[in-house]
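Below: one structure, written as structure tokens.
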């Protein structure tokens, strides 16, 4: 009645899983989301791994937001950190 799981190769299941994952991908981050995230950064805290204090991100203005947004899009597209 049921197929023996030890004899099936499972390739159709993996194909279905891949299709589901591709269809469920979230859209890339929006520039407005970057703006909100930068505004939420706390001043006066130690910088992170990049060594850049939050105040610099905040005072960088539109140019800084554009650079951060493009970096996020590049990481989103490639899946690799810069």
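Data table
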| read-out | value |
| --- | --- |
| Filter pass, residue 31 being in contact with a helix residue (DSSP H, G or I) (Cβ under 6 Å, 6 or more places away or on another chain) and either surrounded by 12 or more Cβ atoms within 10 Å (Cβ to Cβ) or at pLDDT 95 or above (or both) | yes |
| Odd one out for residue 13, checked against (1) assigned to a helix (DSSP H, G or I); (2) over 16 Å from the mean Cα position of the chain (by Cα); (3) at pLDDT 60 or above | (3) |
| Given (1) modelled with pLDDT under 95; (2) exposed (fewer than 12 other Cβ atoms within 10 Å of the Cβ), index of the condition residue 40 fails | (1) |
| Given (1) more than 15 Å from the chain's Cα centre (by Cα); (2) part of a loop (DSSP other than H, G, I, E, B); (3) at pLDDT 95 or above, index of the condition residue 5 fails | (3) |
| Residues located in segment 50-80, provided they are loosely packed, with under 10 Cβ neighbours inside 10 Å, farther than 13 Å from residue 39 by Cα and over 19 Å from the mean Cα position of the chain (by Cα) | 51, 63 |
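The values are calculated or read from the model by the stated rules, or taken from the named source; none is laboratory data. Here the structure is a predicted model, which is why all the values come from computation and not from measurement. Methodologically, a virtual Cβ is constructed for each residue, glycine included, from the backbone with ideal geometry; neighbour enumeration extends over all protein chains shown.
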